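Quick notes on the structure that follows.
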Amino acid sequence: MATYLVTGANRGIGLEYCRQLRERGDNVIATCRSSTQELDGLGVRIEKGIDISSGESVVKLVNKLSGINIDVLIHNAGVLEKNSLLELDPESIRRQFEVNALSPLCFTRAMLNNLSEGSKVVFMTSRMGSIEDNSSGGSYGYRMSKVALCMAGKSLAIDLKPNGISVALLHPGLVSTGMTAFTTQGITPSMSVQGLIRRIDSLDLENTGSFWHANGDMLPW
Ligand SMILES: NC(=O)c1ccc[n+]([C@@H]2O[C@H](COP(=O)([O-])OP(=O)(O)OC[C@H]3O[C@@H](n4cnc5c(N)ncnc54)[C@H](OP(=O)(O)O)[C@@H]3O)[C@@H](O)[C@H]2O)c1
């Protein structure tokens with residue numbers, strides 16, 4: 001039984017990670033700003049009041065988790081705000097950069113004492129953070145923040161390899177959640193997370209630093 005920490009666990013993909021990991025018998029620590037009935041009903045450990053962009057709440061969490069080894073740290077929390085060229089909102093771009101890129105990096109740094117040889121760190125990035133794959137433009141804040149997240153993950157993969165810690169950058173596919181206004185074009189959180197967990201299970205020091213689609217395809221940077 002491994003211990004997983006999932007951020008942004010109250011809904012969407014984060015909630016589904018908690019559900020599937022719990023179902024297969026893993027230990028789950030679910031962090032969120034505020035819980036939901038669905039998360040409360042899973043019977044996992046819930047740490048509420050955790051805003052990943054607040055240094056204060058991250059320190060509070062780290063103090064509570066002192067001495068607990070985390071086998072898999074899943075940085076799932078994220079935000080998507082639309083920013084077209086003509087409606088550029090620098091404040092929105094800064095906010096997305098803060099939540100999607102800088103906070104997961106700082107959170108990992110804060111949790112280093114909870115990671116050990118064999119631990120894994122997972123960043124939920126997006127294909128929209130692939131420069132090569134960008135054929136539709138726009139979404140400045142989201143795209144820029146996810147590219148930055150990919151770069152943070154790649155550097156961490158190199159820096160943490162000597163400690164035996166592996167890192168993955170994962171794209172969940174187009175998933176029907178609040179973030180995508182529950183699009184009918186997308187796959188369900190359940191389908192996405194089945195693939196994501198397979199990727200995490202196969203993550204090791206040989207393939208650390210890879211950018212994968214949940215379906216197993218290797219994505220271009
Ligand atoms: N859905 C897709 O098609 C898709 C595609 C590519 C990548 N992704 C990535 O997958 C991850 C999960 O997406 P999703 O579709 O499940 O999104 P979602 O349904 O909108 O859920 C986002 C989660 O992030 C949390 N969150 C946002 N800002 C936070 C903060 N400052 N501190 C703590 N938690 C925060 C939200 O908590 P609150 O309830 O408190 O707001 C919520 O739990 C994200 O990183 C997203 O970028 C999703």
Inset, instruction - Examine region 168-179 for a residue that is surrounded by 18 or more Cβ atoms within 10 Å (Cβ to Cβ) and more than 22 Å from Leu15 (Cβ to Cβ), and state whether such a residue exists. - result: no
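Just one of Ile187, Ile165, Ile200, Ile158 is under 18 Å from Ala77 (Cα atoms) and out of contact with any helix residue (DSSP H, G or I) (no Cβ under 7 Å at 6 or more places or on another chain); which is it? Walk me through it before giving the result.
On the way: Ile187 fails: under 18 Å from Ala77 (Cα atoms); Ile165 fails: under 18 Å from Ala77 (Cα atoms); Ile158 fails: under 18 Å from Ala77 (Cα atoms).
None of the other options fit; the residue is Ile200.
Criterion first (touching a residue at least 12 places away in the same chain (Cβ under 8 Å) and more than 14 Å from the ligand (Cβ to nearest atom)) does Gly25 satisfy it? Explain how you work it out, then say what you get.
Working: touching a residue at least 12 places away in the same chain (Cβ under 8 Å): yes; more than 14 Å from the ligand (Cβ to nearest atom): yes.
Yes; evaluated as a whole, the condition is true for this residue.
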Legend entry - Lone qualifier among Leu170, Leu115 - being more than 15 Å from the ligand (Cβ to nearest atom) and touching a strand residue (DSSP E or B) at 6+ places or on another chain (Cβ under 8 Å): Leu115
Legend entry - Selection within region 146-197 - free of Cβ contacts under 8 Å to residues at least 12 places away in the same chain, of a type in the set (Gly, Ala, Ser) and either closer than 19 Å to Met128 by Cβ or outside any helix (DSSP H, G or I) (or both): Ala181
Inset, instruction - Tell me which of these Arg127 doesn't satisfy, since it passes every other one: (1) of a type outside the set (A, V, I, L, M); (2) near the ligand (Cβ under 9 Å from one of its atoms); (3) under 24 Å from Gly195 (Cα atoms); (4) free of Cβ contacts under 8 Å to residues at least 60 places away in the same chain. - result: (4)
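Before we move on, is Ile165 more than 9 Å from the ligand (Cβ to nearest atom) and buried (at least 21 other Cβ atoms within 10 Å of the Cβ)? Break it down into steps so the answer makes sense when it comes.
Details: more than 9 Å from the ligand (Cβ to nearest atom): yes; buried (at least 21 other Cβ atoms within 10 Å of the Cβ): yes.
Yes; evaluated as a whole, the condition is true for this residue.
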Legend entry - Close pairs from region 45-56: first of a type in the set (Ser, Thr, Tyr), partner near the ligand (Cβ under 10 Å from one of its atoms), Cβ under 7 Å, at least 6 apart: Ser53/Glu98; Ser53/Val99; Ser53/Ser103
Inset, instruction - Would you mind stating whether Arg109 is more than 15 Å from the ligand (Cβ to nearest atom), assigned to a helix (DSSP H, G or I) and modelled with pLDDT of 95 or more? - result: yes
Legend entry - Number of the exception - Glu91 against (1) over 30 Å from Gly164 (Cβ atoms); (2) surrounded by fewer than 17 Cβ atoms within 10 Å (Cβ to Cβ); (3) more than 14 Å from the ligand (Cβ to nearest atom); (4) in contact (Cβ under 8 Å) with a residue 12 or more places away in the chain: (4)
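The values are calculated or read from the model by the stated rules, or taken from the named source; none is laboratory data. Because the structure is predicted, anything quoted here is derived from the model rather than measured. All Cβ positions, glycine included, derive from the backbone under ideal geometry; neighbour counts span all protein chains shown.
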